[in-house]
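Just so it is clear, none of the values below were taken in a lab; they were calculated from the coordinates. Predicted model, so just to flag it, every value in this text is computed and none were measured.
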Amino acid sequence: MSDTGILKKLSDFFLAPPKIDPDELKELLGEDDPVLLTVPALSCTYKPRAWVDRNTFFRSMLMLTKKRVLILKNSSKVNVLRDIELNSITHHKFGSTKSKGLKLEIKTVDAEDVIMFHQQYRKEFEELSGKFEEAMAQALELSAGGGETLFCMHCGVKIPATSVFCSSCGKKVRV
């Protein structure tokens, strides 16, 4: 087999979208947490505070719902690798890498996730960016109604959920 044939097979393996059982997914999410978008990911690097717990997951997918970000493994069953509630996200950033890949960085109080996407999913990545921002704004609105606290998405400081501006960095937290 030629080198290009091997590369094609590897590319097909890593870029093939995971197969998700709709019934299992419905059971996992419930009725009040609809899926907004799914995007195949090349990898997801999970960086918790404890270095020994760090991991990188390949051939996964990012699923954005109304309440959370899920990183799912490609398998016949729904296999959740990461479950990140939107209201626990302190900072997020969309961008590209030096190798012209696409990435999403998500920070919470106790971990950081870096999700990498292939260039061929640029359209889906751009759609994810827009839907992610909308979902984050809705998560802020929901948490504001409960007299709770939340984390500033710019600097990560805990602030009252009713705040319009962060008391630490001064940036606007509510649209």
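Determine Rg/Rh for region 85-172; Rg is computed over alpha-carbon atoms and Rh is the Kirkwood hydrodynamic estimate from the same atoms.
Taking Rg over the Kirkwood Rh, I get 1.02.
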Please give every one of the lysines within straight-line cross-link reach of Lys123, meaning a C-alpha to C-alpha distance under 16 Å, and leave out same-chain neighbours fewer than 8 residues apart.
-> Lys100, Lys103, Lys131
